[in-house]
């Protein structure tokens with residue numbers, strides 16, 4: 001009986017203190033933010049700027065608000081003097097909403113059994129009540145591409161808003177692409193397991209043969225208009241029609257080249273490279289095939305021992321100068337993904353510059369995900385996904401988000417971490 005009471009008290013405690021902020025309703029009145037520095041997201045910066053939005057859409061962007069104030073008599077006016085306005089940041093290749101505590105199996109819902117899961121949809125597993133979502137929003141991340149994990153063909157990702165009562169509310173773009181984790185051909189030395197030599201993957205040929213057979217079957221299914229539904233093959237139709245992207249997760253030079261050549265052989269050209277640690281060594285190949293790149297986790301050591309120790313930090317600028325469309329992501333640990341803006345800040349300090357670095361986590365990511373017509377920059381006609389910060393959003397020391405809007409709705413920025421911070425700040429300031 002004593003243990004039962006203990007469990008009840010623990011359940012009550014976590015229920016009271018772990019609630020996520022309640023979702024907000026639609027934008028009810030037009031709003032104008034003025035007296036701010038506006039970072040448009042396309043490389044342009046507007047000083048003494050203003051931005052107005054109605055019914056979730058941006059209607060005006062410009063400067064010299066005082067001379068145009070008569071245009072906004074029906075708007076709610078918010079003075080954001082000495083603050084910066086940014087587009088909502090976009091995080092590709094994320095598990096947010098699919099995982100809370102990696103060590104607790106019941107909170108992990110991103111991986112299915114089997115190696116060919118083209119029919120799996122991350123969309124329906126997205127948990128809008130995840131404690132993690134609010135912590136992402138506090139760093140300015142308002143939109144995320146939610147990606148299933150697993151072996152080989154992991155399934156369909158969807159692009160989700162960091163706001164909503166359920167996955168139907170949060171859906172921004174459904175089933176935007178299928179993700180392929182290209183197998184490793186050669187395993188590097190692993191001193192932790194007593195291995196000091198490179199070893200070939202004995203199963204590599206079998207895996208590639210299996211993938212080729214699946215692509216042949218998928219293409220035949222697409223061309224035959226078969227009335228008998230095969231869910232795994234049916235999910236590939238958009239890949240062959242060009243409406244759905246293939247996201248290739250590959251890091252080594254060999255993986256990158258072989259994977260792209262394999263898909264091109266079947267007429268699949270709508271490809272995106274994800275990870276791409278060896279991008280420096282295949283620049284010409286990436287340019288020749290006009291491939292967009294999502295660089296992952298810049299805060300790492302180089303993939304090769306002889307490489308410049310700063311190469312991961314310099315890589316975004318190197319690829320950008322070559323005319324390659326580059327976006328940044330921060331997959332891996334769930335908590336580390338929240339540092340997306342600070343990865344861009346590192347790239348800015350290694351030759352990229354702040355305006356282009358911001359573009360790599362806003363407009364470039366939107367282009368790569370196929371949503372640049374509705375978001376990614378603060379332009380008239382696009383969704384009002386807006387972040388207001390009292391400091392530089394790319395700088396960990398000064399970034400402090402004061403307000404944020406998702407499709408014009410001002411969201412609650414409180415999170416479990418912020419609530420605890422405020423609680424103990426009050427305690428120790430007495």
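The values are calculated or read from the model by the stated rules, or taken from the named source; none is laboratory data. Since the structure is predicted, the reported quantities are computational estimates derived from the model, not experimental observations. Neighbour counts are summed over all protein chains in view; Cβ atoms, including those assigned to glycine, are modelled from backbone coordinates with ideal geometry.
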Those strands (runs of 3 or more DSSP E) lying entirely in segment 1-86 with at least 3 residues modelled with pLDDT of 95 or more, at positive phi and under 26 Å from the mean Cα position of the chain (by Cα): none
Residue in segment 343-363 that is surrounded by 17 or more Cβ atoms within 10 Å (Cβ to Cβ), out of contact with any helix residue (DSSP H, G or I) (no Cβ under 7 Å at 6 or more places or on another chain), outside any helix (DSSP H, G or I) and in contact (Cβ under 8 Å) with a residue 12 or more places away in the chain present: yes
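Would segment 377-391 turn up any residue that is in contact with a helix residue (DSSP H, G or I) (Cβ under 7 Å, 6 or more places away or on another chain) and either under 23 Å from residue 158 (Cα atoms) or not in a loop (DSSP other than H, G, I, E, B) (or both)? Quick ask: steps written out before the conclusion?
Narrowing segment 377-391 to residues in contact with a helix residue (DSSP H, G or I) (Cβ under 7 Å, 6 or more places away or on another chain): 377.
Narrowing further to those that are either under 23 Å from residue 158 (Cα atoms) or not in a loop (DSSP other than H, G, I, E, B) (or both): 377.
Yes, the conditions are met somewhere in segment 377-391.
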Residue check for residue 195: more than 30 Å from residue 375 (Cβ to Cβ) and at pLDDT 85 or above: no
Criterion: in the same structural domain as residue 233 (by TED's automatic domain parsing), under 11 Å from the mean Cα position of the chain (by Cα) and over 16 Å from residue 370 (Cα atoms) - qualifying residue of 141, 153, 180: 141
Within segment 404-430, tally of residues that are outside any helix (DSSP H, G or I) and without any contact (Cβ under 8 Å) to a residue 24 or more places away in the chain: 1
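Can you say whether residue 370 is surrounded by fewer than 24 Cβ atoms within 10 Å (Cβ to Cβ), in the same structural domain as residue 132 (by TED's automatic domain parsing) and in contact with a helix residue (DSSP H, G or I) (Cβ under 6 Å, 6 or more places away or on another chain), as far as the supplied structure shows? Can you show your working first?
Numbers: surrounded by fewer than 24 Cβ atoms within 10 Å (Cβ to Cβ): yes; in the same structural domain as residue 132 (by TED's automatic domain parsing): yes; in contact with a helix residue (DSSP H, G or I) (Cβ under 6 Å, 6 or more places away or on another chain): no.
No.
Matching residues to (1) touching a strand residue (DSSP E or B) at 6+ places or on another chain (Cβ under 8 Å); (2) closer than 23 Å to residue 419 by Cα; (3) outside any helix (DSSP H, G or I); (4) touching a residue at least 24 places away in the same chain (Cβ under 8 Å):
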{"position": "124", "(1), (2), (3), (4)": "no, no, no, yes"}
{"position": "132", "(1), (2), (3), (4)": "yes, yes, no, yes"}
{"position": "145", "(1), (2), (3), (4)": "yes, no, yes, yes"}
{"position": "151", "(1), (2), (3), (4)": "yes, no, yes, yes"}
{"position": "156", "(1), (2), (3), (4)": "yes, no, yes, yes"}
Number of the exception - residue 284 against (1) in a loop (DSSP other than H, G, I, E, B); (2) free of Cβ contacts under 8 Å to residues at least 12 places away in the same chain: (1)
Search result, residues across segment 234-262 that are crowded, with 20+ Cβ neighbours inside 10 Å and either free of Cβ contacts under 8 Å to residues at least 60 places away in the same chain or part of a helix (DSSP H, G or I) (or both): 239, 255, 256, 259, 260
Lone unmet requirement of (1) in a helix (DSSP H, G or I); (2) over 30 Å from residue 250 (Cβ atoms); (3) at pLDDT 95 or above for residue 366: (2)
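Inside segment 21-36, can you point out the residues that are closer than 12 Å to residue 84 by Cβ and buried (at least 18 other Cβ atoms within 10 Å of the Cβ)?
If we filter segment 21-36 for residues that are closer than 12 Å to residue 84 by Cβ, which is where we start, we get 33, 35-36.
Of everything in segment 21-36, those that are closer than 12 Å to residue 84 by Cβ and buried (at least 18 other Cβ atoms within 10 Å of the Cβ) turn out to be 33, 36.
If I ask for residues that are surrounded by fewer than 24 Cβ atoms within 10 Å (Cβ to Cβ) and assigned to a helix (DSSP H, G or I), which ones from segment 316-342 would you list? First the steps, then the outcome.
Initial filter on segment 316-342 (surrounded by fewer than 24 Cβ atoms within 10 Å (Cβ to Cβ)): 317-325, 331-336, 338-339, 342.
Listed by number, the residues that qualify are 317, 318, 319, 320, 321, 335, 336, 338, 339, 342.
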